[in-house]
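A short reminder: the numbers here are calculations on the coordinates, not readings from a lab. Note that the structure is a prediction, hence the values are computed from the model and not measured. Note that each Cβ is placed from the backbone with ideal geometry, even for glycine, and that neighbours are counted across all protein chains shown.
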Amino acid sequence: MRRVYLDSAPVIYFVEQTPLFYGRVRALLQQSDWLVVSDVTRMECRVLPLRAGNSALLQDFDDFFAHYVNEVVALTTQVIDKATEIRAAYRFAPLDSIHLAAALVANCDLFLTNDLRLAGFGEIQVVTV
């Protein structure tokens, strides 16, 4: 079973149907057996719709998380400890380290992102859209 962790950007591109990225993200999601996000992904995706008062877009994100995502990784001590190790070793930003740690703790095979800086992370296959 192919377990794919979704960083925030691919979720945003898919839900908002961003022309430059939507087709690629859609194809990758269709090839995945199990979609994983963390509480951080949910938070990052929901901020702008809330800030803009865009309840329709907020509902679109909530629907995506409810109907497409198979697993939401909570920010447990295990995730935070792993994120701390990643941040120390790779000097990634705190939230990027948390995303990567959540993917590892959830035993994901692939990490889908649009952040080219994360491509050098060697503990999981990183695919950029």
Quiz item: What angle do you read, to the nearest 10 degrees and between 0 and 90, between the alpha-carbon axis of helix 55-67 and the longest principal axis of the chain?
Solution: 50 degrees
Quiz item: Tilt of helix 77-90 relative to the longest C-alpha principal axis of the chain, in degrees (0 to 90, nearest 10)?
Solution: 70 degrees
Self-check item: Peptides ranked, highest mean first, by Cβ atoms within 10 Å: ranges 3-10, 94-101, 31-38, 75-82
Solution: 3-10, 94-101, 31-38, 75-82
Quiz item: Given +1 on the Cβ of Lys and Arg, -1 on the Cβ of Asp and Glu, and no further charges, what dipole in debye does the chain carry about its Cα centre, rounded to the nearest 20?
Solution: 220 debye
Quiz item: Given labels modelled 7 Å from the Cα in the Cβ direction, how far is it in nm from residue 66 to residue 123?
Solution: 3.4 nm
Exercise. Towards the positive end of the charge dipole of the chain, with charges on Cβ (+1 Lys, Arg; -1 Asp, Glu), say which of 22, 116, 35 has the farthest Cα.
Key: 116
Exercise. Return the tail of the calculated pair distribution for the chain, meaning the percent of Cα-Cα pairs more than 19 Å apart.
Key: 46 percent
Quiz prompt | Peptide ranges 119-127, 105-113 listed from the most packed, as the mean C-beta count within 10 angstrom indicates | solution = 105-113, 119-127
Quiz prompt | residue 30-residue 89 pseudo-label distance in nm [points 7 Å out on the Cα-to-Cβ vector] | solution = 3.6 nm
Self-check item: Exposure proxy order (Cβ contacts within 10 Å, fewest to most) of 63, 39
Solution: 63, 39
Quiz item: From the residues 47, 59, 126, which one has its Cα farthest along the dipole of the chain in the positive direction, the dipole being from +1 and -1 charges on Cβ of Lys/Arg and Asp/Glu about the Cα centre?
Solution: 126
